[in-house]
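For reference, the structure is listed below as structure tokens.
The values are calculated or read from the model by the stated rules, or taken from the named source; none is laboratory data. Keep in mind it's a predicted model, so treat the numbers as computed, not measured. Backbone-built Cβ (ideal geometry, glycine too); neighbour counts: all protein chains shown. Accessible surface areas use protein heavy atoms only, side chains included; no ligands, DNA or RNA. Shrake-Rupley method; radii C 1.70, N 1.55, O 1.52, S 1.80 Å.
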Amino acid sequence: MPPTIASPSTPAPSKNAAWQQRSRRHVWHPCTQSIRLEAVPPLPIARGEGVWLFDHDGRSYLDATSSWWVNLFGHAHPAINAALKDQLDKLSHVMLAGCTHAPAVELAERLAALTGHALGHCFYASDGASAVEIALKMSFHAWRNAGRSGKQSFVAVRRGYHGETLGALHVTDVPVFRDAYAPLLANAHLVASPDARAARPGEHAVDVARRAAAELESLLAERHASIAAVIVEPLVQCATGMAMHDPEYLRLVRALCDRYEVHLIADEIAVGCGRTGTFFACEQAGIWPDFLCLSKGISGGYLPLALVMTRDAIYEGFVDDDVARSFLHSHSYTGNALACRAAIAMLDLFEREDALRRNRARAERLIDRLREGLRGMPVDHLRQCGMITAFDAREPGARFAERFHLAARANGLLMRPIGATVYLMPPYVIGDDEIDLLVDATLATLQAVAAPSHADHAEGGRDAALA
């Protein structure tokens, strides 16, 4: 019997659908309400190239959020690919306890040089939350080694996000992530956010920054003897909705930490590696913290890597014959050679392509096009810091982030709003035509989602902070 031949009107079976079904059956997806996987099936990605991602059915999507803020120079970049292929033939991994290797050493050297050697030592980890945990532990332990074991508590900024492991949740103030685990967590001191959107009539961002710093000063004046460190996200509190603040806040916090003998931890996991317009966000305030956490973009979006940079004086406080005074934190893949080599290739691209200068022109085109296109639309607080651009939907309605995400897919974009905040954080290789396409598709998506529909009245829980 001859095989059955599909008629021209018979649609080809979707390869995406098969992968979606298999994924729902066996993969527990992060930052996802599992009950919504039928309504919002995961998008199966087959390959990436530059700013583009391609599904199994051949459709393309502009990666408007750099795949959760990690991809700096596009997918499948030839230079990073070549560096990793070369490293594979030499060394993929060796433990960093009792051993060392060139990629770990060279990466630490180059990052220290970028701080003018203000931060001279790097401790490697695998992800952002781990880096935050390490910085918290280092601060506590450093004070203990200095004979000041009473300094055990931490200060965090309201609505700040630093990760979802228990230690990182200790200083995270996003209820949807924290509340379920509150009985397991110690309580950090919370102080006002310097979010410029909180400006009162007649105020500017710098006024909000000073008001927030004054609240921190009051706390430190009273409690500094028991406080080990203040942790901040420099310039942008990303996961709370791209809340941006004036660099004056960082200058004031640095001065307060110095005055009251408290460490400053800069969580640059999302905002480092050029996202805010300088390689380190702290540079824009002319300050350096005592600990600086990096992850996400540090490996160019290729491999899990994180690190904590710290001052030599802090490192030296752990150098002792007494093992209890040593910092023994570790994990098996600390300083993975492949991940470190990807990071070195990423640093090479910054230099070779003059990325920070080029990004200024990209960011200017993006904000100009959005400012024009959003005129008269129901949005507030269009804002930008380097390659991070955001605005807030004025009346988002139910499940705005979910609806926007699905409509963006239909318009060829991969975007995941945070609540009512729509943000654009594309890779640094985006061209002018792609910026125009990104803006046009974002505006079309906003118009589609803002139009009255039954979805606005759909039953359901609070909108997820999709990020």
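Keeping the other protein chains in place, figure out the carbon and sulfur percent of the accessible area of the chain, with a 1.4 Å probe. The computed percentage sits at 54. Beta bridges assigned by DSSP with both partners in the range 202-331 are antiparallel in approximately 45 percent of cases. For the range 167-225, divide the Cα radius of gyration by the Kirkwood radius and give the resulting Rg/Rh value with two decimals. Over the Cα atoms of the range 167-225, Rg/Rh equals 1.08. Divided by 2.2 N^0.38 Å, where N counts the residues, the Cα radius of gyration of the range 88-235 comes to 1.27. Contact order for the chain, expressed relative to its length and based on alpha carbon pairs under 8 Å spaced 6+ residues apart, stands at 19 percent.
Each residue of the range 144-151 is assigned a 3J(HN,Hα), and the resulting list reads 4, 5, 7, x, 10, 5, x, 8 Hz, derived from the Karplus form 6.51 cos²θ - 1.76 cosθ + 1.60 (θ = phi - 60°), x at Gly and Pro.
Amide H contacts of Ala229: Val155, His263, each under 5 Å away and 5 or more positions distant or on a separate chain (H built 1.01 Å from N in the peptide plane; Pro and chain starts excluded). Overall, the chain carries a charge dipole of about 680 debye about its Cα centre when +1 sits on the Cβ of Lys and Arg and -1 on the Cβ of Asp and Glu, all other atoms neutral.
Sequentially through the range 69-75, phi angles give Karplus couplings (6.51, -1.76, 1.60; θ = phi - 60°) of 6, 9, 8, 8, 10, x, 7 Hz, Gly and Pro residues having no value and appearing as x. Each Lys and Arg adds +1 at its Cβ and each Asp and Glu adds -1 at its Cβ; summed about the Cα centre, the range 54-98 shows a dipole of about 140 debye. Helix content alone sets the calculated 222 nm mean residue ellipticity of the chain: runs of n ≥ 4 DSSP H residues at -39500 (n - 2.57) each, divided across all residues, give -11000 deg cm²/dmol. Around the Cα centre of the range 217-281, unit charges on the Cβ atoms of Lys, Arg, Asp and Glu (plus for the first two, minus for the last two) sum to a dipole of about 80 debye. Per-residue 3J(HN,Hα) values for the range 13-20, derived from phi via the Karplus relation 6.51 cos²θ - 1.76 cosθ + 1.60 with θ = phi - 60°, read x, 7, 5, 4, 4, 5, 5, 5 Hz in sequence order (x marks Gly and Pro). If ligands, DNA and RNA are left out, what is the accessible area of Glu222 with a 1.4 Å probe, given in Å² to the nearest 10? Number for this one is 140 Å².
From the square roots a ≥ b ≥ c of the eigenvalues of the alpha-carbon gyration tensor of the range 294-333, which class results: rounded (a/c under 1.5), prolate (a/b over b/c), or oblate? In terms of gyration-tensor shape, oblate. Tally Lys/Arg at +1 and Asp/Glu at -1 over every other residue whose Cβ is under 11 Å from the Cβ of Arg158; what's the total? Neighbour charge sum, excluding Arg158 itself: -2.
Computed log10 I(q)/I(0) for the range 219-260 at 0.16, 0.32 Å⁻¹: -0.49, -1.07, from the Debye equation with unit scatterers placed on every C-alpha and solvent omitted.
For the range 265-332, would you read off the P(r) tail past 15 Å as a percentage of all alpha carbon pairs? Across the range 265-332, Cα pairs with separations above 15 Å total 61 percent. Surface analysis of the chain yields an accessible area of 45 Å² per residue, using protein heavy atoms and a 1.4 Å probe. Centre-to-centre, using Cα atoms only, the range 173-251 and the range 35-103 are separated by 33 Å.
Across the range 10-94, the volume of the C-alpha convex hull divided among the residues equals 163 Å³ per residue. Rg over Rh for the range 51-123 works out to 1.10, using Cα positions for both radii and the Kirkwood form for Rh. Taking the Cα atoms of the range 320-461, the ratio Rg/Rh between the radius of gyration and the Kirkwood radius comes to 1.15.
Compactness ratio for the chain: Cα radius of gyration over 2.2 N^0.38 Å (N = residue count) comes to 1.02.
Between rounded, prolate and oblate, where does the range 38-167 land on the alpha carbon gyration tensor, with a ≥ b ≥ c its root eigenvalues, rounded for a/c under 1.5, else prolate if a/b exceeds b/c? Oblate shape, in that a/c is at least 1.5 and b/c is the bigger or equal ratio.
These residues, Lys85, Lys137, go from largest to smallest accessible area, 1.4 Å probe, as Lys85, Lys137.
Against the empirical curve 2.2 N^0.38 Å, the C-alpha radius of gyration of the range 84-151 lands at a ratio of 1.41. Candidate cross-link partners of Lys296 among the lysines, defined by an alpha-carbon separation under 22 Å and a same-chain spacing of 8 or more, comprise Lys85, Lys137. Ranking Ile344, Thr172, Ser218 by how far each Cα lies toward the positive end of the dipole of the chain (charges on Cβ) leaves Thr172 at the top. Of the whole protein surface, Thr115 contributes about 10 Å² of accessible area at a 1.4 Å probe radius.
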